Amino acid sequence: MRRLVILNGYAAGWATRVDAAERARREAMLTLTEVGWGADSPAYRQLFTNIYIPEATPKQMGWFNEMQRLSASPENAVRLQRVLAAIDVRPLLAKVETPTLIFHSRDDQAVPFSQGEELAAGISGARFVPLESRNHILIETEPAWQMFAEISRDFLDAEKDQLPDMLAPAQPRAVDEIAECRAADGTRIAYAVAGEGYPLVKAPSWMSHLQVDPGSPAPESGWRSSGQIADLCNRA
């Protein structure tokens, strides 16, 4: 059976998803590519190196700087960046039927972590594995590389019937569950349950309405873990 492994990928290039400020920064990088990519000095190319492999050794960075110069002319480097920036295959993700394993470096500076999550959410049955790394291109000496290699090897092993237990389908974003309780004096207290953890309480105001209710004062609102709701109402 064919299987698909994606590392630090994306379905939508930056030109299709970023805001105006980010677009301006990306366009500035393209200008630097035009004027400095083929220069003898690696200063311009070092900007890209810092984005793609920020945790590399000086020797590895020097190799990557030189590899950039040799692999493409400044003109082709710009063309390639513009083509990749314009990619948008999000409508096609639902058509992927191949078993898919998706890795993404949590602090990837080249492709945001959210893009890996979007890929996993869009491909039915895809498994998503966060990697603790800042590198877009993994380095063999970092723990993330070992994790990537071992899990990929297991995933691609045709004799294995299932993936390791540590892998799980990408989870949809949590949705607030709005509810209410009443204090001992009958006061209605509105709250939203969103995940777990220590409660975050917001002061009552017109902005913190959980549901629009023009006929009553603003309810107390905030977020509580489900285990704290009963205690909240009892203490009130």
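Taking the criterion of being surrounded by fewer than 17 Cβ atoms within 10 Å (Cβ to Cβ) and either assigned to a loop (DSSP other than H, G, I, E, B) or out of contact with any Gly (no Cβ under 9 Å at 6 or more places or on another chain) (or both), would at least one residue in region 120-127 satisfy it? Yes: region 120-127 contains one or more residues that are surrounded by fewer than 17 Cβ atoms within 10 Å (Cβ to Cβ) and either assigned to a loop (DSSP other than H, G, I, E, B) or out of contact with any Gly (no Cβ under 9 Å at 6 or more places or on another chain) (or both). Among (1) touching a residue at least 40 places away in the same chain (Cβ under 8 Å); (2) assigned to a helix (DSSP H, G or I); (3) under 30 Å from ILE151 (Cβ atoms); (4) open to solvent by 50 Å² or more (accessible area, probe 1.4 Å), there is one condition MET1 misses while meeting the rest; what is its number? So the condition that MET1 fails would be (2).
Pairs linking a residue in region 67-79 that is open to solvent by 80 Å² or more (accessible area, probe 1.4 Å) to a residue that is part of a helix (DSSP H, G or I), with Cβ atoms under 7 Å and 6 or more positions apart or on different chains, are ARG69/ARG45. Only residues that are in a helix (DSSP H, G or I) and either over 29 Å from GLU132 (Cα atoms) or of a type in the set (D, E, K, R) (or both) were counted in region 34-70, giving 8. Any idea which of ILE151, ILE137 is surrounded by 12 or more Cβ atoms within 10 Å (Cβ to Cβ), assigned to a loop (DSSP other than H, G, I, E, B) and modelled with pLDDT of 95 or more? Unique residue meeting the criteria: ILE137.
Residue pairs whose Cβ atoms lie under 9 Å apart, sitting 6 or more positions apart in sequence or on different chains, and linking a residue in region 20-43 that is farther than 18 Å from ASN65 by Cβ to a partner that is modelled with pLDDT under 85 and of a type in the set (A, V, I, L, M, F, W, C), are ARG25/VAL18; ARG26/VAL18.
Here is the figure for region 85-106: residues that are part of a loop (DSSP other than H, G, I, E, B) and either within 16 Å of LEU4 (Cβ to Cβ) or touching an Asp or Glu at 6+ places or on another chain (Cβ under 8 Å) (or both) total 6.
Taken over region 28-45, the criterion of being surrounded by 13 or more Cβ atoms within 10 Å (Cβ to Cβ) and out of contact with any helix residue (DSSP H, G or I) (no Cβ under 6 Å at 6 or more places or on another chain) is satisfied by MET29 alone.
A single entry from TYR10, TYR44, TYR52 fulfils the requirement of being in contact with a Gly (Cβ under 9 Å, 6 or more places away or on another chain), under 22 Å from ALA144 (Cα atoms) and not small (Gly, Ala, Ser): TYR10. Restricting ASP108, ASP40 to residues that are out of contact with any Phe, Trp or Tyr (no Cβ under 8 Å at 6 or more places or on another chain) and closer than 22 Å to PRO143 by Cα narrows the list to ASP108.
Any residue that is surrounded by 16 or more Cβ atoms within 10 Å (Cβ to Cβ) and at pLDDT 95 or above - is there at least one of those in region 80-98? Yes; the residues of region 80-98 include at least one that is surrounded by 16 or more Cβ atoms within 10 Å (Cβ to Cβ) and at pLDDT 95 or above.
The values are calculated or read from the model by the stated rules, or taken from the named source; none is laboratory data. Bear in mind the structure is a predicted one, so any value in this text is a computation, not a measurement. We place every Cβ from the backbone using ideal geometry, glycine too, and count neighbours over all the protein chains shown. The protein model used for the area step is the full one, side chains on, heavy atoms only, and it has no ligands, DNA or RNA in it. Shrake-Rupley method; radii C 1.70, N 1.55, O 1.52, S 1.80 Å.
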